[in-house]
1. Since Phe235 meets every condition but one in (1) open to solvent by 30 Å² or more (accessible area, probe 1.4 Å); (2) touching a strand residue (DSSP E or B) at 6+ places or on another chain (Cβ under 9 Å); (3) not in a strand (DSSP E or B), which condition does it not meet?
2. Looking at region 198-228, which of the residues that are within 17 Å of the chain's Cα centre (by Cα) and in contact (Cβ under 8 Å) with a residue 60 or more places away in the chain is nearest to Ala294 (Cα to Cα)?
3. Here are Tyr261, Tyr277, Tyr267: which of them is in a loop (DSSP other than H, G, I, E, B) and open to solvent by 40 Å² or more (accessible area, probe 1.4 Å)?
4. So is Leu204 assigned to a helix (DSSP H, G or I), surrounded by fewer than 19 Cβ atoms within 10 Å (Cβ to Cβ) and at negative phi or not?
5. Does Arg275 qualify as being modelled with pLDDT under 95 and under 25 Å from the mean Cα position of the chain (by Cα)?
6. Which one of these does Tyr256 not meet: (1) out of contact with any helix residue (DSSP H, G or I) (no Cβ under 7 Å at 6 or more places or on another chain); (2) outside any loop (DSSP other than H, G, I, E, B)?
7. What number of residues within region 183-207 are charged (D, E, K, R) and touching a strand residue (DSSP E or B) at 6+ places or on another chain (Cβ under 6 Å)?
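The values are calculated or read from the model by the stated rules, or taken from the named source; none is laboratory data. Every value quoted in this text rests on a predicted model; they were computed, and no experiment measured them. A quick note on method: Cβ atoms are made from the backbone with ideal geometry, for glycine too, and the neighbour counts reach across all protein chains shown. For accessibility, only protein heavy atoms count, side chains too; no ligands or nucleic acids. Shrake-Rupley method; radii C 1.70, N 1.55, O 1.52, S 1.80 Å.
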Amino acid sequence: MIDRNQTCGIGQDSVPYMTCLIHILEGWFGVEQLEDYLNFANYLLWVFTPLILLILPYFTIFLLYLTIIFLHIYKRKNVLKEAYSHNLWDGARKTVATLWDGHAAVWHGYEVHGMEKIPEEGPALIIFYHGAIPIDFYYFMAKIFIHKGRTCRVVADHFVFKIPGFSLLLDVFCALHGPREKCVEILRSGHLLAISPGGVREALISDETYNIIWGNRKGFAQVAIDAKVPIIPMFTQNIREGFRSLGGTRLFRWLYEKFRYPFAPMYGGFPVKLRTYLGEPIPYDPKITAEELAEKMVQ
């Protein structure tokens, strides 16, 4: 009588290839019912997939806290050098940028198209679409620092400054919470500045259709006019496929409008391909109004 392994060896079509492979593995490892174990493992994966999808977005927050820990360690280690150098944090910024750039390449195959449109020196205002988690902008900042040697300031929502432990991170990477006069001052000083007019509301409410939720906001346009700088549009392909938010539901939308805090849960963290595209710079035009410039940005 031919046993299971002999049947596989003869190559009869009546026994599927995977069944033969499982029988061989059972003989090698000395276990029985291996197929049942594999089916059970597949069932567990199916059951816990929703939980995994909910956890992955917070892995990004975990990476941010790792960054903060590194900055604190770096600060303590180099405290004696602070008196001798005006660029104490340049080494830390470059190391952090390299780490995030590596994560971008491995997990998302991240690319920037149009990097040459970022000036080597001098000011520019970058306007970007806000994903559920703006991880594309973290990657973009890392690219700019590595390839241009420049730090891009960014306007962040007020709630970010209230997150425990984030103060050092925001300080080192030059985040600010307005006001308009401060933004104009930074641009007039020759720095790069990034603003997402949609902000947290766009992050929560927008969806895979990438609808822009700017409302009547035109302050960014007035900033560009007052500072007399060009505007560089920025958009990242697939950022909504990577991370999504439940903020569009009635409950979480009401909570945000009431308390101005993003209570909505997020899910995703999928390793999708991310490509950031930089549009043609819109030069300063003294004849254009803030309303006209804002309208031009959404066309």
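1. Only one criterion in (1) open to solvent by 30 Å² or more (accessible area, probe 1.4 Å); (2) touching a strand residue (DSSP E or B) at 6+ places or on another chain (Cβ under 9 Å); (3) not in a strand (DSSP E or B) is unmet by Phe235, namely (3).
2. Within region 198-228, the match that is nearest to Ala294 (Cα to Cα) is Gly198.
3. Details: Tyr277 fails: in a loop (DSSP other than H, G, I, E, B); Tyr267 fails: in a loop (DSSP other than H, G, I, E, B).
Tyr261 is the lone residue from the list that is in a loop (DSSP other than H, G, I, E, B) and open to solvent by 40 Å² or more (accessible area, probe 1.4 Å).
4. Numbers: assigned to a helix (DSSP H, G or I): yes; surrounded by fewer than 19 Cβ atoms within 10 Å (Cβ to Cβ): no; at negative phi: yes.
Taking the combined requirement at face value, the residue does not satisfy it.
5. Values: modelled with pLDDT under 95: no; under 25 Å from the mean Cα position of the chain (by Cα): yes.
It is false that Arg275 is modelled with pLDDT under 95 and under 25 Å from the mean Cα position of the chain (by Cα).
6. Tallying (1) out of contact with any helix residue (DSSP H, G or I) (no Cβ under 7 Å at 6 or more places or on another chain); (2) outside any loop (DSSP other than H, G, I, E, B), Tyr256 fails exactly one: (1).
7. Restricting attention to region 183-207, the residues satisfying the condition of being charged (D, E, K, R) are 185, 188, 201-202, 207.
Of the ones still in play, those that are also touching a strand residue (DSSP E or B) at 6+ places or on another chain (Cβ under 6 Å) are none.
Total meeting the criteria: 0.
Rundown of residues vs (1) of a type in the set (Phe, Trp, Tyr); (2) under 23 Å from Ile212 (Cα atoms); (3) touching a residue at least 60 places away in the same chain (Cβ under 8 Å), yes/no style:
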site: Phe128; (1), (2), (3): yes, yes, yes
site: Ile133; (1), (2), (3): no, yes, yes
site: His147; (1), (2), (3): no, no, no
site: Ala156; (1), (2), (3): no, yes, no
site: Ser167; (1), (2), (3): no, no, no
site: Asp171; (1), (2), (3): no, no, no
